[in-house]
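Heads up, the thing below is written out as structure tokens.
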Amino acid sequence: MKVDPKILLVNPPIYDFAAYDYWLKPLGLLTIAGMIAHSAELEMFDFLDRADSFYEDKPKYKSGRFGTGRFFSEKIPTPEPLQNIPRHYRRFGASTSKFVEYLETSAQHDYAMIQTVMTYWYPG
């Protein structure tokens with residue numbers, strides 16, 4: 001009997017000076033997921049899902065009239081090549097500890113698929 005692989009889909013956090021949710025959804029990842037959904041068991045961890053319970057211990061992030069809004073963020077050290085930019089560098093999205101907690105409490109995955117919207121967001 002064939003067993004479908006269990007695949008974890010990850011939309012990682014953003015490392016940048018600014019980020020705002022203007023309907024920022026992982027379209028590429030979701031498209032691929034739709035193509036393989038018939039032959040795999042899929043789970044998703046979306047660091048940028050503002051509506052998720054990741055923010056239970058943080059201030060509530062209200063959505064605007066059309067569902068847009070701010071992400072939870074925390075200041076982090078600015079990378080050396082960007083230190084001449086007079087802005088605070090931030091990590092946007094759910095905390096790493098929330099992801100570790102998810103991994104510890106979920107069943108083991110056979111594969112992980114990770115996407116990013118901008119190539120310079122690779123630290124996520």
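Data overview
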| read-out | value |
| --- | --- |
| Options Lys62, Lys75; residue that is touching a Gly at 6+ places or on another chain (Cβ under 7 Å), surrounded by fewer than 15 Cβ atoms within 10 Å (Cβ to Cβ) and not polar (S, T, N, Q) | Lys62 |
| Lone qualifier among Leu8, Leu103, Leu24 - being closer than 23 Å to Thr119 by Cα and surrounded by fewer than 18 Cβ atoms within 10 Å (Cβ to Cβ) | Leu24 |
| Residue list for region 86-106, filter: over 14 Å from Met44 (Cβ atoms) and of a type in the set (Gly, Ala, Ser) | Ser95, Ser97 |
| Inter-residue pairs, beta-carbon under 7 Å, first farther than 30 Å from Ile85 by Cβ and in region 1-25, second surrounded by 20 or more Cβ atoms within 10 Å (Cβ to Cβ), 6+ apart | Leu8/Phe45 |
| Contacts under 8 angstrom Cβ, first residue in region 106-124 being under 17 Å from Gly93 (Cβ atoms) and outside any loop (DSSP other than H, G, I, E, B), partner of a type in the set (Phe, Trp, Tyr) and modelled with pLDDT of 90 or more, 6 or more apart | Trp121/Tyr15 |
| Looking only at region 21-78, and only at residues there that are farther than 15 Å from Phe99 by Cα and in contact with a helix residue (DSSP H, G or I) (Cβ under 8 Å, 6 or more places away or on another chain), the one that is modelled with the highest pLDDT | Leu42 |
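To keep it simple, each residue is scored yes or no on (1) closer than 30 Å to Val3 by Cα; (2) under 17 Å from the mean Cα position of the chain (by Cα); (3) among the β-branched types (Val, Ile, Thr).
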{"position": "Tyr15", "(1), (2), (3)": "no, yes, no"}
{"position": "Ile32", "(1), (2), (3)": "yes, yes, yes"}
{"position": "Lys98", "(1), (2), (3)": "yes, yes, no"}
{"position": "Ala112", "(1), (2), (3)": "yes, yes, no"}
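The values are calculated or read from the model by the stated rules, or taken from the named source; none is laboratory data. In this text, all values refer to a predicted model and were calculated from it rather than measured experimentally. Every residue, glycine among them, receives a Cβ derived from its backbone with ideal geometry; neighbour counts consider all protein chains shown.
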